[in-house]
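Here the structure is laid out as C-alpha cells; the discussion comes afterwards.
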Amino acid sequence: MEIRRIQFTGGSSYVMTLPKEWVDAQKIKKNDPLGIEVQPDGTLLVTTAIEQAPVQRVKEFEITGTIEAAYLFRLLIGAYIAGYTSIVVWSKERFPPFVRLVVRNFTQMTIGQEVIEENENTIMLKDLLNPAEMPFANTIKRMFVIVKAMHEDAITAIVKRDAALAADVSARDNDIDRLHWLIARQTNMILSNTALSKRMEVSPVMAVHYAVISRIIERIGDHAERIADNATGIITREIDPETIGRIVKASELSLGIFDRSIVSFFNNDMKKAHANIESLRALETLCDKIDSLVIKLETPDAIALGYIIESVRRAGEYSSDISENVINYLVEHEQAVPAKKTRR
C-alpha cells in the first residue's frame with residue numbers, strides 16, 4: 001500500500017496527489033474530470049468513468065454434438081445469475097431442435113431476457129431489465145406472499161381433497177425460482193459494479209444478506225411444492241381426521257414462524273428474531289407426535305404423510321434460519337452501543 005499525506009490549501013480544501021503511474025495508465029490529462037464515490041465502508045473510489053454507463057458483459061456458448069439440453073439450460077442460468085448483459089449461443093452447423101426449445105424455456109423462466117437476434121446457427125439474448133427498477137425489498141416481499149400462499153393452498157388441498165389445487169401449487173414454484181434468480185443476479189452485478197450499488201441504494205453487504213434470505217425463502221417454497229406433490233397420493237385415501245387436524249395445526253405453527261421471521265427481517269428486530277427461533281420447539285414437538293401417529297398407518301399413507309409433516313417441519317426450520325440471519329447481520333452491522341463506564 002502506498003501512503004500519501006493530506007495537504008491543507010486555500011484555507012478550506014484538503015488535497016492529496018495521485019500516483020503518476022495510475023494517471024499515466026488511465027491517460028489522464030490536466031483539467032480532466034474524475035469521479036469520486038464514497039463506498040459503504042468509508043473508502044473512496046476514484047474513477048474516470050463519470051458517465052456511469054451500464055457495464056456490458058457478453059457470454060458465449062458453443063453448441064457441440066455432445067451438449068445436453070439440461071446442461072445447456074444450466075449454463076444459461078449460470079450466465080444470467082453471473083450478471084452477463086448478453087448471451088450468445090452459436091454453432092458451426094445448424095442447431096439441433098432442442099436448442100431453441102431450451103432457449104425459449106430459459107427466457108420464460110428468467111426476468112428481462114429476450115432473444116434479439118436469431119438464425120440457423122446463432123441466437124443472441126439480451127437483458128432488457130434495468131436491475132435498479134426491481135428493489136430487493138419488493139422482490140423479497142413478493143416471494144414471501146407467493147410462498148406463504150403455496151403452503152396454505154397445499155394444506156388446503158389435503159383437507160378438501162383438491163387435486164387441482166395441489167397441481168396449481170406445484171406450478172407456482174417456477175415463479176419463486178424466477179425471483180430468486182433475479183436477486184442472485186442483482187447481487188453479483190452489485191458486487192462487480194459499485195455504481196449499481198449506489199443506484200439501488202443497497203450496500204454490497206446488504207445485497208448478500210438479501211440473497212441469503214431469498215435462498216431460504218426459495219427452499220421454503222420447495223417444501224410447499226413437496227407438500228402438494230405428496231398430497232396427491234392421499235387425496236383419495238381415508239385419513240383419520242385427527243391426524244389431518246394435527247397437520248393443519250403444525251402448518252399454522254410453521255407459517256407463524258415464517259410470518260414473524262419476515263417481520264423481524266424488515267424491522268431489524270433482534271429480540272423478536274430470537275423469540276421466533278425459540279418458538280420452533282413447539283412445532284418440532286407437534287411434528288414428533290404426528291410422526292408417531294402416521295407410522296402406524298398403511299405403508300403408502302405413512303410414507304406420504306411422513307413426507308408432508310417433514311416438509312412442514314423443514315419450512316419452520318428454514319423460517320427460523322431467516323431469524324438467525326437477522327441476528328447475525330444486525331450484530332455486526334447495527335450501530336455499536338457505547339459501553340457504560342464502570343464505577344470504581
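Odds and ends about this structure:
- Answer from ALA207, ALA211 - the residue that is aliphatic (A, V, I, L, M) and at pLDDT 95 or above: ALA211
- Verdict on GLU218 being surrounded by fewer than 18 Cβ atoms within 10 Å (Cβ to Cβ), in the same structural domain as ALA315 (by TED's automatic domain parsing) and charged (D, E, K, R): no
- Per-region count, the range 209-250, residues closer than 24 Å to ILE295 by Cβ and aliphatic (A, V, I, L, M): 11
- Restricting attention to the range 175-204, the residues that are in a helix (DSSP H, G or I), at pLDDT below 90 and of a type in the set (D, E, K, R) total 2.
Rundown of residues vs (1) in a helix (DSSP H, G or I); (2) among the aliphatic types (A, V, I, L, M); (3) touching a Pro at 6+ places or on another chain (Cβ under 9 Å), yes/no style:
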| residue | (1), (2), (3) |
| --- | --- |
| VAL88 | no, yes, no |
| PHE95 | no, no, no |
| ARG104 | yes, no, no |
| GLU117 | no, no, no |
| LEU129 | no, yes, no |
| ASN138 | yes, no, no |
| LYS141 | yes, no, no |
| PHE144 | yes, no, no |
| GLU152 | yes, no, no |
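- Residues located in the range 182-192, provided they are over 11 Å from ALA132 (Cβ atoms) and either crowded, with 19+ Cβ neighbours inside 10 Å or among the β-branched types (Val, Ile, Thr) (or both): LEU182, ILE183, ALA184, ARG185, THR187
- Some residue of the range 144-163 being out of contact with any Leu (no Cβ under 7 Å at 6 or more places or on another chain), among the small types (Gly, Ala, Ser) and surrounded by fewer than 17 Cβ atoms within 10 Å (Cβ to Cβ): yes
Table: residues versus (1) modelled with pLDDT of 95 or more; (2) assigned to a helix (DSSP H, G or I).
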{"position": "THR236", "(1), (2)": "no, no"}
{"position": "ILE239", "(1), (2)": "no, no"}
{"position": "THR243", "(1), (2)": "no, yes"}
{"position": "VAL248", "(1), (2)": "yes, yes"}
{"position": "GLU252", "(1), (2)": "yes, yes"}
{"position": "GLY256", "(1), (2)": "yes, yes"}
{"position": "ILE262", "(1), (2)": "yes, yes"}
{"position": "LYS271", "(1), (2)": "no, yes"}
{"position": "ALA282", "(1), (2)": "yes, yes"}
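The values are calculated or read from the model by the stated rules, or taken from the named source; none is laboratory data. Here the structure is a predicted model, which means the values were calculated and not measured. Cβ sites come from the backbone with ideal geometry, for glycine too, and all protein chains shown count toward neighbours.
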